[in-house]
């Protein structure tokens, strides 16, 4: 379980967590132990997330049958950013038809332990739970049609094929996580 | 005389691209004006300037994309583009429309 700051590096083991989801159920990383898992630190208010979230839904749709699971986690301080409240998370997930769990990290321990700084920020783990890719979803937050490098998709393909991830780390682009 | 103001915070990565977009539009519209560039440093300044988020472009003190909100602070802002997408950047078209309205 998350109990101290780890700040994950490529090859490090995933840190388990138990967080409430928008389905009002507790979710832990253990549930997906046979999957390739992309933990994405996310939120409601950030325009970078909002620019990317349709692509997140598409990626989950395209890769679900291959044993890939996206898990979005919102750690933002909702007292200062009320759009990021748990209730609003439920509304957003319904509106955008999220096909992945959307979890609330109220005390921000998970975000802290992972070393997340931005939203969205991806931590991709193979089915053995080792970090394979960390960073941005792709190289163009503004225009999905102008994406040149699909970082997360390319990493998923490599992990599923058992080959080397072509670009294992990129600088995540987005809003800063809103710490309490 | 047109007044153009550009407000931003360092934490939002789109501000350089937004400023470049603004400069491009001004050039294409053949408008020579000095942009007043303001970096918002803290919450107090954000509240004082009623700063909706980064980046904000004002033409003659009017936001190019007026928001019906009283939530001001150090955050990135979302623009709804002409095709309905959400972006951290205003489109060139949005900037152009605002400049033509005020010119």
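Table for the structure above
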read-out: Shielding of B:84-90 by partner chains, average beta-carbon count, 10 Å; value: 5
read-out: Square roots of five times the Cα gyration tensor eigenvalues for the range B:4-102, Å; value: 20, 15, 13
read-out: Max mean-square fluctuation residue, GNM over chain B, Cα-Cα springs under 10 Å, options B:68, B:91, B:14; value: B:68
read-out: Order of A:170, A:119 - criterion: other Cβ atoms within 10 Å of each residue's Cβ, fewest first; value: A:170, A:119
read-out: Taking B:10, A:105 and counting other C-beta atoms within 10 Å, the order from fewest to most; value: B:10, A:105
read-out: Packing-based exposure ordering (other Cβ within 10 Å, fewest first) of B:101, B:23; value: B:101, B:23
read-out: Degrees, to the nearest 10: B:92-102 long Cα axis against longest axis of chain B; value: 80 degrees
read-out: Euclidean distance between Cα centres, the range B:19-97 to the range A:3-56, Å; value: 32 Å
read-out: Nearest 10 degrees, 0 to 90: helix B:15-28 Cα axis against chain B principal axis; value: 20 degrees
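Read-outs throughout are calculated quantities, based only on the coordinates presented, and are distinct from any laboratory measurement. These numbers come from a predicted model, not from an experiment. Reconstructed Cβ throughout: ideal geometry from the backbone, glycine too, with neighbour counts over all protein chains shown.
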